[in-house]
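Structure, as structure tokens:
The values are calculated or read from the model by the stated rules, or taken from the named source; none is laboratory data. Everything numeric in this text was worked out from a predicted model, so none of it was measured. All Cβ positions, glycine included, derive from the backbone under ideal geometry; neighbour counts span all protein chains shown. Accessible surface is based on the protein model in full, side chains and every heavy atom, while ligands, DNA and RNA are left aside. Shrake-Rupley method; radii C 1.70, N 1.55, O 1.52, S 1.80 Å.
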Amino acid sequence: MPQVRPAAADGVRAPSADRTAPGGPRAFPALRVVAPEIEGPEDVVADADGVLFAGAADGTVWRLRLSATGAVDRAAAVAHTGGRPLGLHLLPGGELLVCDAPRGLLRIDPRQGTVRVLADEVAGAPLRFCSNVTAAADGTVYFTVSSRRYGLDTWLGDFLEHTGTGQLLRLRPGGRPEVLLEGLQFANGVALAPDESFLAVAETGARRLLRYRLTGPGAGTAGTLARELPGYPDNISLAPDGDFWVALARPPAAGVTLLHGMPRTVRRTAWEVAKRLRLSLPPHPTVRVLAVGPDGRTARDLRAVRSPYRMVTSVCRTGSLLAMGSVAERGIAVCALPGADSDTDGPAPAR
């Protein structure tokens, strides 16, 4: 089974996001929180008409339409997964792929409200923590499992213990899930390159983006797309201009970084102590999102240091707006995208 390697597959050292962002982080424009009835929208995606979809903590999948200024014209519940929806992906026909943390990979028809399970196990093992998903033009689905040891309710255990049990999976039409990569440190967001030549995969625990090559001489190999990210990467979306928008759930925690370098027994003990004392890693008031090019270099870097809307876990571009979700907050945060080209003022698809 392929194991992930930290070096770039072509032997070139991957860019460090902190060192390649032009001019460093730029201040976020004012954030506007809309649709507060949606609790914990971990992922937010947009269709070609600027309609947003998000999954809530209670299992509800929501659809809402934004005006050109970012106000909500209307919001409606379209389905209920029966679990906890995380990553979403819109299919060309209007259906949604949903990674439901405890239930697995689902397919939803928002028009009918129907929910169908596509996969809930791989090689006989249940999908304990299904995380994020994307799909190719030929119908092949790629999705991540954050941990094979811990579920969503105990995600901090995997984060502290640094288990390296995350996976990248593939589901071909009519087939069964197969493992493409294992040994990932909290596998999270996943998105296809514009030409579908590779997948960008977020390794939250390693603070990096991986490139998993799908075509060419290096097909089936993994390398680092961007390293030393200035935070823990969560969900990824592909913008119309070909950049990957990456949500950083929080800045690096010095104590966690130190713990990750310690022996496994120490890391496991740290989790046991945290669990016994009911300690947590609270949402951080710093919000940061990056636009990363296919070459791994940071094209945009937006940051708000003291934001009331915390722990942004997803970001997508829709026209001249950015829409962001948070697993820890109510509602969706919307802002104008600084420097958005005038020819993309209308809604545009985000994958």
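In table form, for the structure just shown:
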read-out: Filter pass, Val179 being touching a residue at least 40 places away in the same chain (Cβ under 8 Å), closer than 27 Å to Gly242 by Cβ and part of a strand (DSSP E or B); value: no
read-out: Candidates Phe129, Phe159, filtered to the one that is crowded, with 20+ Cβ neighbours inside 10 Å, in contact (Cβ under 8 Å) with a residue 40 or more places away in the chain and not β-branched (Val, Ile, Thr); value: Phe159
read-out: Only one of Pro85, Pro25 that is within 27 Å of Pro251 (Cα to Cα) and touching a residue at least 60 places away in the same chain (Cβ under 8 Å); value: Pro25
read-out: Test set (1) surrounded by fewer than 24 Cβ atoms within 10 Å (Cβ to Cβ); (2) within 18 Å of Ala219 (Cβ to Cβ) - Pro173 fails condition number; value: (2)
read-out: Output for segment 198-219, where each listed residue is open to solvent by 30 Å² or more (accessible area, probe 1.4 Å) and in a loop (DSSP other than H, G, I, E, B); value: Arg207, Leu214, Thr215, Gly216, Pro217, Ala219
read-out: Residues of segment 239-254 that turn out to be over 11 Å from the mean Cα position of the chain (by Cα) and either of a type in the set (Ser, Thr, Tyr) or under 17 Å from Leu337 (Cβ atoms) (or both), as a count; value: 5
read-out: Qualifying residues in segment 268-298 (those that are in contact with a Leu (Cβ under 8 Å, 6 or more places away or on another chain) and aliphatic (A, V, I, L, M)) - the one nearest to Pro194 (Cα to Cα); value: Val292
